[in-house]
Amino acid sequence: MSKDNLLLQSNWITGTKVEEEADDKEVHSEEENNDEGEVGGSEEEEEEGISPPTADRVAQYEAHRREQKRLCAQERRKKMKAALFAESVPVSDSSALPTTLQILKRTPSDHLLFKGQLVPTRAAALLKIAEKVEKDRKREREGLNQATEGVFGTAKTRKQMSITAGFMGSAQKLADEALAHAFYTANIAPNVLDNIDFKRALQKVALVGPTYVAPERHQVAGPMLQADADKTKAAILAKRTPVQKFGSTVVSDVATDGCRRPINNLIDISAEVAELVKAEDCTGKTKDKQFIADFVTSYIMGLPDPFSVVQVLMDNATRGSWPLIEAKCPWVVVGPCEPHVSSLEVADICKLPFFKAVIKKVHVVRKFILNHQKALATFKSLADGMLTQPGATREATVFYGFTSFLQNIDTISQTLTSQEVVQYVRANRGQRATPESRTLHELFTEAKDFATEADLQPQIELCQQVLKPIVMLLRLADSDRPSASKIQYHKFEVQEKLKALTVPEPAPWAEGEYDWDEMLQEIVAIHRYRWDYGYTIVQGTGYLLDPEFVDMDQHQDEETMDAFTSCSSWACAPLPKLQVQEHPSGLTSS
């Protein structure tokens with residue numbers, strides 16, 4: 001290593017100033033210094049008395065060396081470019097890479113054979129150099145591609161969007177925005193978009209294109225409404241063809257509408273379609289058993305084929321009308337609505353002392369939070385969801401109320417023990433909703449005691465374990481799935497699950513407060529009572545004939561075989577002679 005080079009290195013490492021002359025010498029002697037060894041450098045350093053280098057200075061020195069190499073390479077490229085166009089190309093320097101056209105224009109007439117072609121000598125030399133450099137560059141690109149594929153995945157060429165696709169995308173966005181704006185201003189619920197008929201209508205409007213003009217509202221509410229009603233009736237009649245083979249079931253129930261009017265509804269359900277055939281306002285009428293029986297039988301007897309109705313399902317509150325319907329239409333089997341039966345079973349179980357006490361605790365806590373804005377605001381700020389309230393006449397929704405309470409039980413405790421709620425109650429402790437009601441402080445104390453009770457969570461979980469199989473059966477019967485033939489088996493399953501229930505140890509109540517064995521016997525007895533309460537010969541016969549239960553040995557069950565025998569006798573009995581009467585459709589029945 002030369003003296004000047006060593007001095008340059010030493011000055012960079014120790015931080016001393018470097019003269020401009022040393023920089024120039026370093027630039028011009030870079031290639032020579034690369035070939036020299038560094039033996040003896042340590043002795044010269046010792047002679048000069050240079051202090052040991054630091055890590056920062058070494059890093060600075062390495063950066064400086066890289067910069068000097070870059071400057072040297074740049075200087076070489078400038079020289080080779082100037083030499084090429086001055087007709088003196090130094091072919092040994094690989095940094096000069098002119099184009100093939102430039103080479104062929106500026107080379108002498110002597111030629112060499114390069115890849116089967118006769119090319120000028122200097123051009124051949126440069127082409128070999130260019131080929132080598134190109135291979136190096138290709139290898140470098142491949143290495144970079146392999147390195148980046150592991151991080152970013154395999155690079156794929158993105159297809160450029162066509163002008164047509166761009167316009168279509170913009171048009172789709174504008175149409176979506178216009179449709180959404182119409183929903184907002186016309187107060188239309190967004191779930192209308194889930195309606196299959198609405199989707200089909202939008203597709204047909206799109207087929208017409210920009211020439212489509214929406215109809216006037218009097219057309220939609222007048223002639224178009226009548227035409228659509230006629231079309232729907234024709235479609236229903238076409239779908240009622242299987243009724244002649246399989247029969248239909250008439251379902252009746254009374255519901256109160258938004259104007260507090262009692263509406264008696266009648267639905268005719270067949271294998272293909274469920275049709276709402278009657279909805280009668282019963283305001284001011286005595287809805288006794290005779291009234292309900294006449295409401296159902298008048299529809300059956302008015303059909304073109306009254307014998308097509310094989311079953312009538314009704315609310316359990318109308319049980320007194322069942323014998324009257326069977327007397328007038330002896331070919332019909334009348335039975336209860338299974339979801340109503342399961343709901344009544346839940347209501348019976350919830351009347352037991354233990355369940356009644358747990359429901360009261362949950363109700364008190366929920367009512368305090370929902371009825372006081374400070375507590376409700378605190379709860380909303382802490383919880384992800386909302387407390388579910390059971391339905392007034394849907395006893396099975398108690399189960400979902402328990403589930404919602406358990407999901408938020410920690411948040412409920414935080415709400416009732418939070419500083420904001422405590423200060424709110426303290427500031428309004430004597431407040432009463434009515435002169436006869438309890439004070440806010442009393443209501444808060446009761447709710448807080450229930451919510452922070454250690455046994456509340458295991459008590460709710462035990463109630464859930466009891467109600468869960470019954471609610472699952474209710475959902476099966478309440479679904480669109482044909483379930484009459486499966487009720488018997490699932491009732492048996494519910495009974496076995498109830499019998500297998502065990503209370504956790506220790507029991508989630510005070511010692512001697514409840515007897516679990518006695519409570520479990522009462523629960524099973526309630527289930528058995530409601531099982532018999534909702535049983536019909538159609539359920540028993542369906543259970544016997546259902547291929548899903550072919551291995552259940554139903555023929556050994558006396559009750560099932562009695563149902564099958566009764567159903568067979570009923571089906572084979574001669575039909576009564578009916579008086580010929582005209583149907584509103586113009587058909588006659590006899």
Does the range 325-347 include one or more residues that are at negative phi, in a strand (DSSP E or B) and aliphatic (A, V, I, L, M)? yes
For the range 289-303, give me the residue count where each residue is exposed (fewer than 14 other Cβ atoms within 10 Å of the Cβ) and in contact (Cβ under 8 Å) with a residue 12 or more places away in the chain. 1
State which residue pairs qualify: first residue under 20 Å from residue 528 (Cβ atoms) and not assigned by TED's automatic domain parsing to the domain that holds residue 394 and inside the range 474-498, second residue aromatic (Phe, Trp, Tyr) and buried (at least 16 other Cβ atoms within 10 Å of the Cβ) in any location, beta carbons under 6 Å apart, and separation of 6 or more residues or different chains. 488/543; 489/549; 491/531
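The rows are residues; the columns are (1) at pLDDT 90 or above; (2) among the polar types (S, T, N, Q); (3) surrounded by fewer than 15 Cβ atoms within 10 Å (Cβ to Cβ); (4) more than 29 Å from residue 348 (Cβ to Cβ).
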site: 511; (1), (2), (3), (4): no, no, yes, no
site: 525; (1), (2), (3), (4): yes, no, yes, no
site: 528; (1), (2), (3), (4): yes, no, yes, no
site: 533; (1), (2), (3), (4): yes, no, yes, no
site: 580; (1), (2), (3), (4): no, no, yes, yes
Just to be sure before I move on: is residue 332 closer than 30 Å to residue 491 by Cβ, assigned by TED's automatic domain parsing to the domain that holds residue 264 and buried (at least 21 other Cβ atoms within 10 Å of the Cβ) in the structure I sent? yes
Which condition number does residue 230 fail, the rest of (1) exposed (fewer than 12 other Cβ atoms within 10 Å of the Cβ); (2) under 24 Å from residue 482 (Cβ atoms) being met? (2)
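Yes or no, residue by residue, for (1) modelled with pLDDT under 90; (2) in contact with a Leu (Cβ under 7 Å, 6 or more places away or on another chain):
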position: 256; (1), (2): yes, no
position: 275; (1), (2): yes, no
position: 293; (1), (2): no, yes
position: 297; (1), (2): no, no
position: 301; (1), (2): no, no
position: 306; (1), (2): yes, yes
position: 313; (1), (2): no, no
position: 317; (1), (2): yes, no
Among 423, 431, 465, the single one that is within 25 Å of residue 510 (Cα to Cα) and assigned by TED's automatic domain parsing to the domain that holds residue 374 is 465
Of 275, 280, the only residue that is acidic (Asp, Glu), touching a residue at least 12 places away in the same chain (Cβ under 8 Å) and surrounded by fewer than 15 Cβ atoms within 10 Å (Cβ to Cβ) is 280
Go through (1) outside the structural domain of residue 314 (by TED's automatic domain parsing); (2) surrounded by fewer than 20 Cβ atoms within 10 Å (Cβ to Cβ) for residue 327 and report which single condition fails. (1)
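The values are calculated or read from the model by the stated rules, or taken from the named source; none is laboratory data. Computed from a predicted model, the values in this text were never measured in an experiment. Cβ: placed from backbone, ideal geometry, glycine included. Neighbour counts: every protein chain shown.
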